[in-house]
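Colleague: Just passing along the structure, written as structure tokens.
Please treat every number below as a calculation from the coordinates, not as lab data. Model, not experiment: these values are computed from the prediction. Positions of Cβ are backbone-derived with ideal geometry, glycine not excepted, and every protein chain shown enters the neighbour counts.
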Amino acid sequence: MKIPDLTELALRNLRESLLRNSLTTIGISVGVASLVAMLSLGIGLQQMASRRLGKSGLFDTVIVSSRRDLRSMGREEERNGPAPGESRILDEAARQEIERLPNVLEAYPDIRFITELRYEDMPHLTTVSAMPASYKSNDAFDGMQGSYFSSDTAPEAILQKSFAEELLGKTPKLGAPDPNVADLAAPLLGKELVMRYAQRETTSSSQAASASPLSSPSSSSAAEGLAGAAYSVVSREQKLKIVGVSDLDPESMRGPTRAKVFLPLKLAESLHVMQPTDLREVSRAASDQPVYSSVSVRVTKPSQVQKVEDAIKKMGFTTFSILDASRSIQTFFRVLDVFLGIFGSLALAVASIGIVNTLVMAILERRREIGIMKAIGASDSDVKKLFFAEAGAMGILGGLVGVALGWGIGRLINAGTNVYLRSQSLPADNFWAVPWWLVVFAICFAFLVSLISGLYPAGRAARLDPVQALRYE
Amino acid sequence: MSTAPGNPPNGAIATENLCRHYRMGETLIRAVDGVSLEVRAGEFVALLGSSGSGKSSVLNLIAGLDRPTSGSVVVQGKDLARLSREELAKYRLHVVGMVFQSFNLIASMTLAENVELPLRFAEVDRGKRASLAQAALERVGLKARMNHRPSELSGGEQQRAALARALINRPQLLLADEPTGNLDSHTGTEIMDLLREFNERLGMTVVMVTHERALAERYARRMIFLADGKLIDDRVNVPTTAAAEVSGVQR
């Protein structure tokens with residue numbers, strides 16, 4: 001039989017016992033809907049996570065540090081990195097060298113220091129760090145009130161929410177709900193902060209320090225270095241305008257975001273603020289070249305991180321990236337998808353039993369009809385195909401309805417959750433996604449499951465002995 | 001497809017020591033037990049016998065609905081026992097037309113759809129199918145009722161529709177299993193007249209199973225008697241009632 005004829009006969013037969021076949025099809029729909037809802041949730045969560053992590057700059061960032069500054073290193077690096085004494089000094093020259101590596105977008109120093117900030121003549125001691133202009137697009141500032149720095153050298157500051165509370169004299173009470181960022185930002189935006197800091201100023205007699213070669217393999221200790229130190233520390237003040245209040249948890253991230261006040265990078269660099277590393281590195285670096293405790297390297301693509309890391313390691317630095325963390329996150333989502341898929345498929349498996357049941361019933365009911373068709377010339381394969389077509393039609397119909405249903409359920413859950421998130425004054429997000437391939441996959445899967453379910457009934461119908469079937473009343 | 005020796009003429013049937021045995025629990029039922037018969041092309045043959053004599057079983061074997069336990073059924077030079085299931089289905093589709101005592105129309109389809117069903121299996125184009133079905137229904141006088149379902153028709157009309165369906169693929173062989181068994185004598189005569197018309201006008205070979213000897217005597221040219229699965233008599237018959245009138249037409 002030709003496919004249009006098969007389809008027509010199959011649909012006609014499905015209409016004949018409308019109630020039973022509708023119920024079976026609804027069963028398939030529910031199965032497909034649960035599969036689609038589950039998988040779209042898994043996919044959506046994964047997309048949201050990778051969107052956030054991608055934007056946070058964590059997955060395309062390599063943090064480079066010198067082996068000499070042991071404090072900035074995790075334990076693992078200590079075990080497999082070069083020996084501290086052989087490591088190079090992370091100075092401006094090294095930074096530029098790193099920036100010239102292939103696949104590197106930028107390499108900027110991590111400037112972080114503790115200093116005093118005065119607001120309305122009240123001193124506050126806090127951690128300040130520098131932010132490159134590229135952080136503007138960073139997801140970390142999504143919930144920020146106000147705006148990002150107007151330029152990379154502007155005397156402006158962005159405050160961490162907790163520091164804003166401190167400035168306003170609002171100490172969070174235990175158990176009390178978190179104050180709204182907007183409420184905190186309103187009285188602060190546009191106001192002035194005075195930062196008092198220690199500037200490291202090179203003295204004219206510092207030439208002695210530059211005699212020390214850059215790539216010195218010397219095992220000189222900090223004590224030796226200190227002897228050649230040739231700089232003075234000058235107390236300075238810098239006025240800063242508050243342009244933004246961010247809703248970021250300072251402990252949630254690594255790197256430069258772990259501070260309470262942020263300054264534009266170029267401004268921070270120009271201030272030559274005394275940093276803890278200065279004390280130990282100064283003797284070995286060219287005096288007029290700043291030395292960094294660590295440098296953040298942004299890579300073009302997360303997939304290039306490993307290559308860049310290797311290249312930097314060859315230069316004699318230690319590196320850290322959360323590539324491994326991202327790998328385990330991917331694995332986690334894959335496992336999550338599989339689990340969600342299995343749970344979603346369970347309903348479809350139950351539905352497939354419904355198909356088998358319906359078709360076996362149909363064979364019993366239509367035994368005589370099968371006999372007649374065989375008597376007037378239907379072959380085994382005609383009968384088989386007809387039952388397959390009925391199973392397949394139920395599968396496709398169920399799949400279509402199921403995808404729509406699953407889509408609706410997902411939309412509803414997403415909307416409901418976002419209402420809840422907004423009531424908690426959290427930003428709404430789309431953690432639910434139905435990509436086109438999921439729609440195609442779900443319908444094909446429903447079709448396939450139906451055909452497999454139809455395998456046994458169709459085979460049984462095809463094998464019916466026409467003489468026996470015709471005798472059946 | 002295998003070809004039996006001798007290759008009998010078109011439409012002819014030859015069975016050789018045909019047996020069909022069933023096992024029912026411990027007992028062996030010999031429904032057909034060594035039947036050898038020959039039907040020539042264009043003949044109108046009646047298979048007679050009481051119920052359980054094996055006449056329907058022989059018809060099913062000739063129709064390719066059943067396979068012999070032993071022996072052979074050769075139709076148009078093909079030994080049905082040696083055909084594959086698929087080939088047998090093709091044989092039923094193109095060579096044989098069948099009518100039954102209980103009409104066997106599909107209740108969910110209209111008459112036109114019932115009649116064109118064999119054409120669907122034969123993969124005939126849709127447009128051609130409709131006109132063929134219409135022509136076949138016209139031939140049995142049911143064109144006006146082509147869009148009715150079988151349940152809306154009388155028994156005689158249903159059997160006429162079944163005849164139209166049997167004709168649709170232009171088979172050489174028309175097999176009828178008690179075609180008038182569920183009909184009153186008047187409509188039965190109508191059906192029998194149609195069978196005779198097909199036999200004489202279209203040259204179809206007709207094999208009819210019946211237990212009504214009178215009916216056989218009125219229409220059949222040959223009567224074969226079966227009892228207990230065995231052939232007991234095979235005689236030429238001169239159709240009674242309409243014989244003179246029919247032969248008159250032929251001359």
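Colleague: Please list, ordered by chain and number, the residues whose modelled amide H lies under 5 Å from the amide H of B:Val209; skip anything fewer than 5 residues away on the same chain.
Modeller: B:Leu47, B:Ala176, B:Asp177, B:Glu178
Colleague: Project the alpha carbons of chain B onto their principal axes and report the range along each, largest first, in whole Å.
Modeller: Result, largest extent first: 49, 43, 40 Å.
Colleague: Another question, then. Order these by the 10 Å Cβ neighbour count, fewest first: B:Lys55, A:Lys239.
Modeller: If I rank by nearby Cβ atoms, fewest first, I get A:Lys239, B:Lys55.
Colleague: Hey, with R₀ at 60 Å, roughly what FRET efficiency would A:Asn430 and B:Ser70 work out to, going by the Cβ-Cβ distance, to 0.05?
Modeller: 0.20
Colleague: State, as an integer percentage, the relative contact order of chain B based on alpha-carbon contacts under 8 Å between residues 6 or more apart.
Modeller: Relative contact order of chain B: 27 percent.
Colleague: For the range B:105-157, build the convex hull from the C-alpha positions and give me its volume per residue in Å³.
Modeller: So the per-residue hull volume is 73 Å³.
Colleague: To make sure I understand, if each residue's beta carbon is the centre and we count other beta carbons within 10 Å, what order do A:Trp437, A:Trp407 fall in, fewest to most?
Modeller: Ascending Cβ contact count within 10 Å gives the list A:Trp437, A:Trp407.
Colleague: Next question, about the same structure. Extension gain A:Ala182-A:Leu11, at 0.36 nm per residue separation less the Cα-Cα distance, in nm?
Modeller: So the chain would gain 55.5 nm between A:Ala182 and A:Leu11.
Colleague: Could you run the Karplus curve 6.51 cos²θ - 1.76 cosθ + 1.60 with θ = phi - 60° over the range B:54-69 and give me ³J(HN,Hα) per residue in whole Hz, x for Gly and Pro?
Modeller: So the J values, rounded to whole Hz, are x, 5, 5, 5, 4, 4, 4, 5, 5, 6, x, 7, 9, 10, x, 6.
Colleague: Restricting to DSSP loop positions (anything but H, G, I, E, B) with no more than 15 other Cβ atoms inside 10 Å of their own Cβ, which GluC sites (Glu not before Pro) remain in the range B:114-144?
Modeller: For GluC sites (Glu not before Pro) across the range B:114-144 that sit outside H, G, I, E and B with at most 15 neighbouring Cβ atoms in 10 Å, the list reads B:Glu123.
Colleague: Which cross-chain or sequence-distant (5 or more) residues have an amide H under 5 Å from the amide H of A:Arg88, H modelled 1.01 Å from N in plane?
Modeller: A:Arg67
Colleague: For a test of the definition: using alpha carbon positions, the gyration tensor, and the 1.5 limit on a/c, classify the range B:145-222 as rounded, prolate or oblate.
Modeller: Taking the square roots of the gyration eigenvalues as a ≥ b ≥ c, the range B:145-222 is oblate.
Colleague: Follow-up question, since we're still on this one. A 32 angstrom limit on the alpha carbon distance is what I want to check against. Which of A:Lys191/A:Lys313; A:Lys374/B:Lys128; A:Lys136/A:Lys307 exceed it?
Modeller: A:Lys191/A:Lys313
Colleague: Then there's this: Is the range B:82-183 rounded, prolate or oblate when judged by the Cα gyration tensor, a ≥ b ≥ c being the square roots of its eigenvalues, rounded requiring a/c under 1.5 and prolate requiring a/b larger than b/c?
Modeller: The shape class here is oblate.
Colleague: Another question about this same structure. Just to confirm a number: summing +1 for Lys and Arg and -1 for Asp and Glu over residues other than A:Met122 whose beta-carbon lies under 12 angstrom from that of A:Met122, what do you get?
Modeller: In short, -3.
Colleague: Among A:28-41, B:40-53, how do they line up by average Cβ neighbours within 10 Å per residue, starting with the highest?
Modeller: Peptide ranking by packing, descending: A:28-41, B:40-53.
Colleague: Moving on. For an R0 of 30 angstrom, estimate the FRET efficiency from the Cβ-Cβ distance between A:Lys2 and A:Asn357 and round to the nearest 0.05.
Modeller: The pair A:Lys2/A:Asn357 has a calculated efficiency of 0.55.
Colleague: Additional query: Sorting A:Ser150, B:Ser151, A:Ser379 on the 10 Å Cβ count, fewest up front, what's the list?
Modeller: B:Ser151, A:Ser150, A:Ser379
Colleague: Hey, another quick one. How far apart, in nm, are two points set 7 Å out from the Cα along the Cα-to-Cβ line at A:Ser150 and at A:Lys307?
Modeller: With each label point 7 Å from Cα toward Cβ, the separation is 4.1 nm.
Colleague: Can you list residues whose amide H is under 5 Å from B:Ala227's amide H, if they're 5+ apart or on another chain and H is modeled 1.01 Å from N?
Modeller: The list, which skips near neighbours in sequence, is B:Ile232.
Colleague: Something else now. When the Karplus curve 6.51 cos²θ - 1.76 cosθ + 1.60 is applied with θ = phi - 60°, which whole-Hz ³J(HN,Hα) does each residue of the range B:17-30 get, with x for Gly and Pro?
Modeller: The phi angles translate into 6, 6, 10, 9, 10, 10, 10, 10, x, 8, 8, 9, 9, 9 Hz.
Colleague: Apply the Karplus curve 6.51 cos²θ - 1.76 cosθ + 1.60, θ = phi - 60°, to the phi angles in the range B:92-103 and return the couplings in whole Hz, x for Gly and Pro.
Modeller: Computed from phi, the couplings for the range B:92-103 are 4, 6, 9, 9, 10, x, 10, 10, 10, 4, 9, 6 Hz.
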